[in-house]
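Peer 1: This is the structure I have questions about; it appears just below.
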């Protein structure tokens, strides 16, 4: 069984924003589940990392929170992407793309020959 | 942007913390339930499902804690908590808190009060555009003519400086009192004659109408009968009526038109002597009937200011003026008036230097003396505050000793030293903030009191007691610095607790560990040193005041000398009419039964005003001697009225008028300086030293020395002329030697003047003794305040000393008891404690005496008749402090000598 690793704080925000963009308003459990599934169950999202991250995003105005009722009629807090959040997502995604491309060049020796 | 938003969010969440906690708990619970449900769906048994869910998601409480930290403002929350603790701690010892807050309030209040004055007198810039570019210009050396007022230049010199490339504007001013008549009412106000570019140079706009411009108001000699009112004068006198524009008023009996009102808040270059009206300087001959000296290079009377262009410094701008001046001086020496000047005077004349000074704060004849005094007082107040700080520090150390156990316990259960330090400092901050707030209130009261203290001329009118934001900022900053000063050392000391021994020792030691005693002793040493500084300073200033007060003025019976001033020239009197008026007034005054004698003088005495001329002495070349003499014009009978004895020759007589031989009286200092031991009677002198000057005035009298401007300036080398022979239509100060009390006399004198001319304004009516007192305003302020600071400091130091000695005795109770049991005498024990106190006293003096010597030199210009390192003063301060030390140490020493050995040994 592959070692499951905790999600990193920096990338968690990006994942949350992307999840909300893809799936629309969602509660904390749903977000955690979606991230774990998308990672192919390689990542574990714990309370202690997820909820502070959600709070931070809410404070910064990238997501908004509202109480609603879940599919199995449970009262749950739903998070939704705001306009500022969409912009932030685009920006972070672009930056992440650049970063990973740079890292990729360092890691793959084949490119170095040229 | 996001950061601000986040802070706001966090701030908001401080207020509904409970709701948010509940919601978070609900949200986490919901998460958990969903997890469990998912596990159940995948076929786990219920107990297993729950366990797996909990395991996977991590601790619920930990998550809550992290969210809470992120949600609120941890710094603010802990600060509030520290504040709460501090408040509880202080309210547990209300007496301690009260003493600490009060002594801080006195210290901070005194500092804030002095700063309020210092800020307004010394530090504040003029409320004009770019005040930093303003520069005042004047010259050194002899003018070979007359000087009026300080830092005066001639009007042509102002014109010369217009060519200076360093300045965008060069402007000039001349202050003179004027009579303003409006609807048959005449009043005296301060007038300022200004060059046409004055308002442009300062960047002052009109509040109404227009202000002067070089184009409109600086062209025609005597041709600009226009007036700009100051804003306060417009409001007070004209009820802020916009209809004043175009209104005609009489200024010195000359019809002029009001064309505008200057901007509100602008009080001029010299805030202490702010004019009510401004008049173009080309009107000078009409405003001062006595003299028309606009074009005369030998008459220096205007003050020149300039606005520097960017790129020049004060120094470079000053340097650029020097060639201009030297060139002009060289040309002047070729003029007919100076062609026959002596070699020595020519050299001195050519060596004249340009001097300049930043005028960002404006210029005042007063602040030069006030500012040094205020800086000295500010230092003294600062030292007094330090002493107060040390006392509070000492108290805090004592308190900390009493709560060693509490602190040790908290450290033991895991509080960090940083947390405790923060909390202890918070206690200091609360004390100093309370002290500062109370001090601010005190300072307003103190400044009000101080303003009553200053003489009622000039300064008083512009100084305000109400604090503005600068004062608030100073006060708050001072309170915070104070908190660190008295709080840090005790707090660090308190945290040096030895956990093991403190918690183990059930009884707890009295008064803390060894380190805290040493710290308190060094604080007391510093207090003694500072007290010595303040006490010796207070003594120096008090002796200065006393010396000035008791300086032999040369005048007799000043308590029965009434003086008042009139200026008929400003009411339009011609020279003949004015001379006649003075003569008739003198006769009518002398006819009053209460009047023993009366006389008048041109320059009022003891008012800081003076006139000095270069004089020529027959048969004595000007080479190698000072030619300057301080002059005055007098009526007959003046000397008898003032009680100054004639040593030789005669007084002026009614016959000393135009057409009769010109005569003069000289004082003893003049005779001694110029003629040595020879009798001056019959010798001849003349005015000015240039060409055409003749020694045509015969000295007919020699009079005893007396004061002129004031006691500080001392006796001048003086020459007096009969007023009628001076042919100047100027004001005069009358002196009346009376035999009744002044109050009834004032009314009688007013009636007397009114009988001759009911519209004649009378001003400055007072007793000569009071006039002398007024010249000593600065000195009295300094002496009184420094005495107050000295007493305050000494009392605080005494409290500090007492505290330390009481603590020492308490700590040594057992030792003392043992000594007693072994047969020590009471006297020896008394001495043992006293000796310890005097060791502190000695250490304090070792520090204080050299400091006092150095500081004394800084204020030496403020002193009079006493040296900065005066032995008597030092001894007096030593004695005073020795007595206070003995007093403060005696109570604990006595207690030590009365310790009951049985009980002392038993208690342990």
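Peer 1: Across the stretch B:851-908, what is the total count of residues that are farther than 30 Å from residue B:822 by Cα, more than 29 Å from the chain's Cα centre (by Cα) and at pLDDT below 80?
Peer 2: Number satisfying all stated conditions: 0.
Peer 1: Against the definition (exposed (fewer than 15 other Cβ atoms within 10 Å of the Cβ) and within 20 Å of residue B:794 (Cα to Cα)), how does residue B:98 come out, yes or no?
Peer 2: Criteria met by residue B:98.
Peer 1: Determine whether the stretch A:63-80 contains at least one residue that is at pLDDT 90 or above, more than 14 Å from chain B (Cβ to nearest Cβ) and over 20 Å from residue B:53 (Cα atoms).
Peer 2: Looking through the stretch A:63-80, at least one residue is at pLDDT 90 or above, more than 14 Å from chain B (Cβ to nearest Cβ) and over 20 Å from residue B:53 (Cα atoms).
Peer 1: Name every residue in the stretch B:740-777 that is without any contact (Cβ under 8 Å) to a residue 12 or more places away in the chain and closer than 15 Å to residue B:186 by Cβ, in order of residue number.
Peer 2: Matches in the stretch B:740-777: B:754, B:758.
Peer 1: Is it the case, given these coordinates, that residue B:20 is crowded, with 18+ Cβ neighbours inside 10 Å, within 14 Å of chain A (Cβ to nearest Cβ) and modelled with pLDDT under 85?
Peer 2: When the stated conditions are applied, residue B:20 passes them.
Peer 1: Got a sec? Which helices (runs of 4 or more DSSP H) wholly within the stretch B:702-814 have at least 3 residues that are under 37 Å from the mean Cα position of the chain (by Cα) and at pLDDT 80 or above?
Peer 2: B:742-756, B:768-775, B:777-811
Peer 1: What number of residues within the stretch B:80-91 are under 39 Å from the mean Cα position of the chain (by Cα) and surrounded by fewer than 15 Cβ atoms within 10 Å (Cβ to Cβ)?
Peer 2: 2
Peer 1: While we're looking at this one, here's another question. Going by the structure shown, is residue B:177 modelled with pLDDT of 90 or more, surrounded by fewer than 21 Cβ atoms within 10 Å (Cβ to Cβ) and in the same structural domain as residue B:283 (by TED's automatic domain parsing)?
Peer 2: Values: modelled with pLDDT of 90 or more: no; surrounded by fewer than 21 Cβ atoms within 10 Å (Cβ to Cβ): yes; in the same structural domain as residue B:283 (by TED's automatic domain parsing): yes.
The answer is no for residue B:177.
Okay, residues lined up against (1) touching a residue at least 60 places away in the same chain (Cβ under 8 Å); (2) in a helix (DSSP H, G or I); (3) within 26 Å of residue B:706 (Cβ to Cβ):
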site: B:539; (1), (2), (3): yes, yes, no
site: B:556; (1), (2), (3): yes, no, yes
site: B:559; (1), (2), (3): yes, yes, yes
site: B:589; (1), (2), (3): yes, yes, yes
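Peer 1: May I pose another question? Being more than 8 Å from every other protein chain (Cβ to nearest Cβ) and part of a strand (DSSP E or B) is the filter here, so list the residues in the stretch A:21-33 that pass it.
Peer 2: Result: A:26, single match.
Peer 1: Can you tell which of B:322, B:303, B:318 is assigned by TED's automatic domain parsing to the domain that holds residue B:154, at pLDDT 90 or above and within 18 Å of residue B:146 (Cα to Cα)?
Peer 2: B:303
Peer 1: Touching a helix residue (DSSP H, G or I) at 6+ places or on another chain (Cβ under 8 Å) and assigned by TED's automatic domain parsing to the domain that holds residue B:662: which single residue out of B:705, B:741 fits that description?
Peer 2: Numbers: B:741 fails: touching a helix residue (DSSP H, G or I) at 6+ places or on another chain (Cβ under 8 Å).
Of the residues listed, the single one that is touching a helix residue (DSSP H, G or I) at 6+ places or on another chain (Cβ under 8 Å) and assigned by TED's automatic domain parsing to the domain that holds residue B:662 is B:705.
Peer 1: Then there's this: Working only within the stretch B:663-682, note down all residues that are buried (at least 20 other Cβ atoms within 10 Å of the Cβ) and part of a loop (DSSP other than H, G, I, E, B).
Peer 2: Going residue by residue through the stretch B:663-682, those that are buried (at least 20 other Cβ atoms within 10 Å of the Cβ) are B:663-667, B:670-671, B:674, B:680.
Matches in the stretch B:663-682: B:680 only.
Peer 1: What number of residues within the stretch A:34-62 satisfy the criterion of being without any contact (Cβ under 8 Å) to a residue 24 or more places away in the chain, surrounded by fewer than 18 Cβ atoms within 10 Å (Cβ to Cβ) and within 12 Å of chain B (Cβ to nearest Cβ)?
Peer 2: Number of matching residues: 2.
The values are calculated or read from the model by the stated rules, or taken from the named source; none is laboratory data. Predicted model only: the values in this text are computed from it and were never measured. Here the Cβ is made from the backbone with ideal geometry for all residues, glycine too, and neighbour counts use every protein chain on show.
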